[in-house]
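In what follows, a structure is listed as structure tokens, so that the remarks can point back to it.
The values are calculated or read from the model by the stated rules, or taken from the named source; none is laboratory data. Keep in mind that what you see is a predicted model, and the values were worked out from it rather than measured. Positions of Cβ are backbone-derived with ideal geometry, glycine not excepted, and every protein chain shown enters the neighbour counts.
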Amino acid sequence: MQFGIGVSTHINNWDIIRYAEELGYDRAWIGDSQMIWSDCYATMALAAHHTQRIQIGTGVSITGTRIAPVTAHSIASINAIAPGRTFLGLGTGHTAMRVMGQDPMRVGEFREYLRVVRALLDGEAVDYTYHGNTREIQFLHRDRHFIDLDHRIPIYVAANGPKALEATGAFGDGWITVGGEPEVVAPKLAHIKTGAATAGRTLPANFHTAFISSSCVLRPGDKLTDARIINETGSWVACELHFFYEVWKDLGCKDEVVPPHFQGIWADYLKHVEKMTFPERSRFRQIHDGHLVYLQPDERRFITPDAIKSSALVGEPDELIEHIRRLEKGGIKELDLWPPMDCERKVLRDFAEYVMPAFR
């Protein structure tokens with residue numbers, strides 16, 4: 001099992017990546033959301049310059065906000081700073097698109113995007129269509145090393161739906177998800193393998209699987225209603241709550257999509273949204289306020305013990321170790337923690353001190 005961190009991309013937050021490297025973490029996923037954070041590639045460049053070992057990449061880069069050749073050249077530029085320890089996470093854009101009031105990229109377009117980026121990063125010439133005009137493109141000036149394609153850059157795809165999972169199997173070197181329990185992972189891995197087979201590909205033995213969540217190491221006597229526990233897990237739980245609200249709304253307000261751990265507070269949360277001061281057409285700006293950075297004070301009441309237990313990894317060290325071993329047996333190769341910015345160092349230090357040694 002490997003361990004990584006998710007980073008809320010502040011231009012000065014490269015130092016948390018250096019700190020994570022010092023603690024022994026393997027990988028840093030730098031978020032890409034243009035309306036709420038600094039630029040992920042600028043932050044990665046600083047982190048790459050100030051680290052020596054930790055893998056650095058996007059967590060995840062959003063296909064709807066950058067055309068495929070730009071994404072390929074940007075990550076290849078980072079690879080020139082940190083050769084051989086750069087990766088590209090790609091996703092359709094849950095938050096980055098929704099905070100502009102737009103929908104994530106459709107799966108067919110996403111699949112084509114993956115095809116183009118993979119070919120370009122492999123140094124190949126590839127047909128690329130821009131505004132209906134298709135031309136063959138390929139990176140020039142390879143001999144002058146503006147970018148590094150000599151050290152292969154793996155692509156890790158964020159996917160949940162069947163078609164996106166099949167695209168992952170066709171073009172990805174790995175997969176990142178927010179639902180890492182074995183019963184959730186197994187059917188999704190089956191879709192990935194189907195996609196690989198349809199594309200005439202066999203998934204390599206080193207196909208990577210990563211599960212992103214957050215964590216809080218409990219001490220004897222701690223309760224899930226304690227302020228510390230809510231402070232360390234609340235922004236992650238709220239992020240999941242906002243995601244399910246968007247899915248619920250997109251699917252025509254079908255309550256069956258609401259997970260059990262949010263059902264008890266769902267009616268109250270809908271009232272909370274209705275009372276927001278922005279009109280409905282721009283309400284997304286308030287819904288996603290604080291995304292993975294901090295917990296909105298008015299949403300603290302929604303961070304219930306059930307929601308914490310279901311959304312985050314919480315427990316005393318032995319409980320967490322046992323839980324992670326179960327994830328590992330179910331096919332997960334990496335666990336990534338995304339704590340709120342105000343608690344980053346403490347959460348990462350606690351986990352590195354009390355949990356990670358069992359896997360080293």
| request: Run down E334, E280, E274, E299 and say which single residue is at pLDDT below 95 and either more than 29 Å from N13 (Cα to Cα) or under 24 Å from the mean Cα position of the chain (by Cα) (or both). | output: E280
| message | What's the total number of residues in segment 289-312 that are touching an Asp or Glu at 6+ places or on another chain (Cβ under 9 Å), touching a residue at least 40 places away in the same chain (Cβ under 8 Å) and either surrounded by fewer than 18 Cβ atoms within 10 Å (Cβ to Cβ) or not in a helix (DSSP H, G or I) (or both)? | response | 6
| Of E232, E316, E256, E274, which residue is surrounded by fewer than 20 Cβ atoms within 10 Å (Cβ to Cβ) and touching a strand residue (DSSP E or B) at 6+ places or on another chain (Cβ under 8 Å)? | E316
| query | Applying the selection to segment 1-27, what residues are touching a helix residue (DSSP H, G or I) at 6+ places or on another chain (Cβ under 8 Å) and polar (S, T, N, Q)? | reply | S8, T9, N13
| task | Give the residue, chosen from T65, T51, T9, that is crowded, with 24+ Cβ neighbours inside 10 Å and not in a strand (DSSP E or B). | result | T9
| Unmet criterion (only one of (1) buried (at least 19 other Cβ atoms within 10 Å of the Cβ); (2) modelled with pLDDT of 95 or more) for D222 | (1)
| task | Would you check which residues across segment 20-45 are in a helix (DSSP H, G or I) and either surrounded by fewer than 18 Cβ atoms within 10 Å (Cβ to Cβ) or outside the structural domain of E353 (by TED's automatic domain parsing) (or both) and list them? | result | E22, L23, A42
| remark: The condition of being farther than 24 Å from S74 by Cβ, assigned by TED's automatic domain parsing to the domain that holds T71 and modelled with pLDDT under 95 holds, among T194, T202, only for T202
| request: Give the number of residues within segment 68-107 that are part of a helix (DSSP H, G or I), under 18 Å from the mean Cα position of the chain (by Cα) and surrounded by fewer than 18 Cβ atoms within 10 Å (Cβ to Cβ). | output: 1
| task | Given the conditions (1) among the small types (G, A, S); (2) under 30 Å from Y245 (Cα atoms); (3) out of contact with any Gly (no Cβ under 6 Å at 6 or more places or on another chain), report the number of the one that S74 does not fulfil. | result | (2)
| query | Can you find even one residue in segment 129-145 that is touching an Asp or Glu at 6+ places or on another chain (Cβ under 6 Å) and either not assigned by TED's automatic domain parsing to the domain that holds A20 or not β-branched (V, I, T) (or both)? | reply | yes
| task | Out of E256, E274, E240, report the one residue that is of a type in the set (D, E, K, R) and in contact with a helix residue (DSSP H, G or I) (Cβ under 6 Å, 6 or more places away or on another chain). | result | E240
| Members of segment 266-288 that are assigned to a helix (DSSP H, G or I) and of a type in the set (A, V, I, L, M) | A267, L270, V273, I287
